[in-house]
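Asker: Pasting in a structure now, in structure tokens, and then I'll have a few things to ask.
The values are calculated or read from the model by the stated rules, or taken from the named source; none is laboratory data. Note that this is a predicted model, so its numbers are computed, not measured. Here the Cβ positions follow ideal geometry from the backbone for every residue, glycine too, while neighbour counts run over all protein chains shown. Please note that ligands, DNA and RNA were not included when accessible areas were found on the heavy atoms of the full protein model with its side chains. Shrake-Rupley method; radii C 1.70, N 1.55, O 1.52, S 1.80 Å.
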There are 2 protein chains.
Amino acid sequence: MKKKETEENNGTDNRYMKQALAQAKKALALGEVPIGCVIVFRAGTTEARVIGRGYNRRNTDHSTLSHAEITAIRRASKALGDWRLEDCTLYVTLEPCQMCAGAIVQARVARVVIGAMNPKAGCAGSIYNLFDEPRFNHRVETVYGVMKEECAAVLKQFFTDLRIRRKMNRKPLQEEECEDV
Amino acid sequence: MKKKETEENNGTDNRYMKQALAQAKKALALGEVPIGCVIVFRAGTTEARVIGRGYNRRNTDHSTLSHAEITAIRRASKALGDWRLEDCTLYVTLEPCQMCAGAIVQARVARVVIGAMNPKAGCAGSIYNLFDEPRFNHRVETVYGVMKEECAAVLKQFFTDLRIRRKMNRKPLQEEECEDV
């Protein structure tokens, strides 16, 4: 029974992570680092529904606030009319940075499901774990590694392509183009 | 000479912190926790100018992204047409939370001037110091305690008034009303 529940949860998590990956591919189409996010609301026995979506548009929008998670949080708060996202699960293809992890804690998101890890800059376990800090007034339940191969593959392909383009132009990768993975 | 320079810097910092305090008072007028922020741009020999202002509107806007610093960063990036705020100093009346400190690092703000500290939740030295983490790709020069009495006083008055109002209504302070200071 326990196993069946887990399988069901994995099935649900995979389904929404696929939607987050679809968002990441929108970033890819813009030439942005492909990171995507969806936020799912479910309170009590109500049916789960996606209330916020986002993908990385930092260079397109000329704004550091255009990370996938920040956009999804903004839209989810607007949908609920509340800054508290307590009955929500956030799905993101890459481990959040310090800003996005902080925003998730501030918004009191109940649960976060992460695809690939970001050992160089992630703040949900890699550099820090802002989701499990007893001195903060909120802790976030975190699930790691859902569809991690697929989430990592889209990033890897992006950077391989970028390196080839840079090499053809004899221009090295910019530091900021490396930091997000 | 050194001393004179320091005095001059202090004079400039005080002048902009006063502007941040004026922003905090806008939050106060809305019944929000009074926190304010301004961002000043100065590149090379150009004259310094304020390119972003913000004050806490979290409850008014129903959004956790309506913290003073996030609003100021959004406006500053729009003014410069760039997500990088490398030639900027950010003035804020209270030590930033994990989200805002993270956004400041992500936006590569060069220098931050802080009024009052936030021992319970601040992430620029209190709980963490996200501004001085060698594993991140950017460090922030930080000045503490500029006009700290004035910055703390406006917050203290807000919470005293709130406690009186709550007591009259026999309603205790909500947890979220305490956490920001």
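Asker: So, A:VAL146, is that one more than 24 Å from B:ALA121 (Cα to Cα), in contact with a strand residue (DSSP E or B) (Cβ under 9 Å, 6 or more places away or on another chain) and assigned to a loop (DSSP other than H, G, I, E, B) or not? Quick ask: steps written out before the conclusion?
Answerer: On the way: more than 24 Å from B:ALA121 (Cα to Cα): yes; in contact with a strand residue (DSSP E or B) (Cβ under 9 Å, 6 or more places away or on another chain): yes; assigned to a loop (DSSP other than H, G, I, E, B): yes.
It is true that A:VAL146 is more than 24 Å from B:ALA121 (Cα to Cα), in contact with a strand residue (DSSP E or B) (Cβ under 9 Å, 6 or more places away or on another chain) and assigned to a loop (DSSP other than H, G, I, E, B).
Asker: Within segment B:135-168, can you find the residues that are in contact (Cβ under 8 Å) with a residue 24 or more places away in the chain and of a type in the set (A, V, I, L, M)?
Answerer: Across segment B:135-168, the qualifying residues are B:VAL140, B:VAL143, B:VAL146, B:MET147, B:ALA152, B:VAL154, B:LEU155.
Asker: Tell me which residues, restricted to segment B:91-110, are surrounded by 24 or more Cβ atoms within 10 Å (Cβ to Cβ) and either under 17 Å from A:PHE131 (Cα atoms) or of a type in the set (Lys, Arg) (or both).
Answerer: Scanning segment B:91-110 gives B:CYS97, B:GLN98, B:MET99, B:CYS100, B:ALA101, B:GLY102, B:ALA103.
Asker: Name the residue that is most open to solvent (accessible area, probe 1.4 Å), counting only residues in segment B:118-142 that are facing chain A (nearest Cβ under 9 Å) and of a type in the set (D, E, K, R).
Answerer: B:LYS120
Asker: Moving on to the next point. Within segment A:33-67, how many residues are within 20 Å of A:LYS148 (Cβ to Cβ), more than 13 Å from chain B (Cβ to nearest Cβ) and of a type outside the set (A, V, I, L, M, F, W, C)?
Answerer: 3
Asker: Would you pick out the residues in segment B:21-61 that are of a type outside the set (S, T, N, Q) and part of a helix (DSSP H, G or I)?
Answerer: Of everything in segment B:21-61, those that are of a type outside the set (S, T, N, Q) and part of a helix (DSSP H, G or I) turn out to be B:LEU21, B:ALA22, B:ALA24, B:LYS25, B:LYS26, B:ALA27, B:LEU28, B:ALA29, B:ARG58, B:ASP61.
Asker: Let me ask you something else. Please go through segment A:79-89 and pick out each residue that is touching a residue at least 12 places away in the same chain (Cβ under 8 Å) and either open to solvent by 10 Å² or more (accessible area, probe 1.4 Å) or within 15 Å of A:CYS123 (Cα to Cα) (or both).
Answerer: Answer for segment A:79-89, where residues must be touching a residue at least 12 places away in the same chain (Cβ under 8 Å) and either open to solvent by 10 Å² or more (accessible area, probe 1.4 Å) or within 15 Å of A:CYS123 (Cα to Cα) (or both): A:ALA79, A:LEU80, A:ARG84, A:GLU86, A:ASP87, A:THR89.
Asker: Any chance you could count how many residues in segment B:68-87 are away from chain A (no Cβ under 12 Å) and under 16 Å from B:CYS37 (Cα atoms)?
Answerer: Selection size over segment B:68-87: 1.
Asker: Could you please find all residues in segment B:31-49 being more than 16 Å from B:ARG84 (Cβ to Cβ) and surrounded by 22 or more Cβ atoms within 10 Å (Cβ to Cβ)?
Answerer: B:VAL33, B:PRO34, B:ILE35, B:GLY36, B:CYS37, B:VAL38
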